[in-house]
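Engineer: What follows is a single structure, and I will ask about it in a moment.
The values are calculated or read from the model by the stated rules, or taken from the named source; none is laboratory data. What you are looking at is a predicted structure, and each value in this text was computed from that prediction instead of being measured. Positions of Cβ are generated from backbone atoms using ideal geometry, with glycine treated the same way; all protein chains shown enter the neighbour counts.
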Amino acid sequence: MTLKAQMQAVNPADINIPNISQAILVESGKLLFLSGHVPLRQDGTLAGPELEDQLEQVFQNLKDTLQAANADFSNVARMTIYIRDLSSADLGTIRSVRDRHIDQSRPPASALIGVAALYDPAVRVEIDAVAAIP
């Protein structure tokens with residue numbers, strides 16, 4: 001069975017937010033819960049300081065975790081992005097980086113949350129996710 005047969009996007013006809021599913025129905029498979037991933041490189045140094053650099057590193061870290069579970073971004077059913085000091089000016093960058101990584105044919109259900117602080121004042125982004133794997 002292919003992954004697309006396991007997860008189905010659920011979108012009311014009158015709601016259209018680009019590259020976001022309003023809900024994902026997981027029809028079969030195992031759930032993989034990904035902890036909050038932060039923009040640390042493999043050597044432990046922080047990517048950035050630009051938001052785009054930090055986002056790219058977080059998505060790379062998520063990719064590495066997904067691959068360790070024999071999965072990829074097409075398996076992601078739900079994603080929450082936390083941005084420190086979120087402003088409307090950040091939305092283009094967030095969407096651009098996110099859209100380079102997600103499965104745009106069936107984007108995950110998502111939330112974007114602005115927060116006052118993360119674990120380190122230099123960190124601007126943290127992302128957690130839930131994936132469904134065969």
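Engineer: If only one of ASP14, ASP72, ASP64, ASP43 is surrounded by 16 or more Cβ atoms within 10 Å (Cβ to Cβ), without any contact (Cβ under 8 Å) to a residue 40 or more places away in the chain and more than 16 Å from ARG124 (Cβ to Cβ), which one is it? Before the answer, list the steps.
Structural biologist: Working: ASP14 fails: surrounded by 16 or more Cβ atoms within 10 Å (Cβ to Cβ); ASP64 fails: surrounded by 16 or more Cβ atoms within 10 Å (Cβ to Cβ); ASP43 fails: surrounded by 16 or more Cβ atoms within 10 Å (Cβ to Cβ).
None of the others qualify; the one that does is ASP72.
Engineer: For the stretch 78-85, state whether one or more residues are over 16 Å from the mean Cα position of the chain (by Cα), within 18 Å of GLY114 (Cβ to Cβ) and in contact (Cβ under 8 Å) with a residue 24 or more places away in the chain.
Structural biologist: Start the filter on the stretch 78-85 by keeping residues that are over 16 Å from the mean Cα position of the chain (by Cα), which leaves 85.
Within this subset, residues satisfying the condition of being within 18 Å of GLY114 (Cβ to Cβ) are 85.
From what is left, the residues that are in contact (Cβ under 8 Å) with a residue 24 or more places away in the chain are 85.
Yes, the stretch 78-85 contains at least one residue that is over 16 Å from the mean Cα position of the chain (by Cα), within 18 Å of GLY114 (Cβ to Cβ) and in contact (Cβ under 8 Å) with a residue 24 or more places away in the chain.
Engineer: All but one of (1) loosely packed, with under 14 Cβ neighbours inside 10 Å; (2) at pLDDT below 95 hold for LEU91, so report the exception by its number.
Structural biologist: Of (1) loosely packed, with under 14 Cβ neighbours inside 10 Å; (2) at pLDDT below 95, only one is false for LEU91: (2).
Engineer: Can you tell me how many residues in the stretch 99-120 are of a type in the set (D, E, K, R) and closer than 19 Å to LEU40 by Cα? Break it down into steps so the answer makes sense when it comes.
Structural biologist: Kept after step one, since they are of a type in the set (D, E, K, R), are these residues of the stretch 99-120: 99-100, 103, 106, 120.
Remaining after also requiring closer than 19 Å to LEU40 by Cα: 120.
Total meeting the criteria: 1.
Engineer: Does the stretch 102-117 contain at least one residue that is buried (at least 16 other Cβ atoms within 10 Å of the Cβ) and part of a helix (DSSP H, G or I)? Walk me through it before giving the result.
Structural biologist: Quick first cut of the stretch 102-117, residues buried (at least 16 other Cβ atoms within 10 Å of the Cβ) only: 102-103, 106-110, 112.
Filter again for part of a helix (DSSP H, G or I), leaving none.
Within the stretch 102-117, not a single residue is buried (at least 16 other Cβ atoms within 10 Å of the Cβ) and part of a helix (DSSP H, G or I).
Engineer: In the stretch 113-127, is there at least one residue being within 14 Å of the chain's Cα centre (by Cα) and without any contact (Cβ under 8 Å) to a residue 60 or more places away in the chain? Before the answer, list the steps.
Structural biologist: Applying the first criterion (within 14 Å of the chain's Cα centre (by Cα)) to the stretch 113-127 yields 113, 125-127.
Okay, now just the ones that are also without any contact (Cβ under 8 Å) to a residue 60 or more places away in the chain, so 113.
Within the stretch 113-127, one or more residues are within 14 Å of the chain's Cα centre (by Cα) and without any contact (Cβ under 8 Å) to a residue 60 or more places away in the chain.
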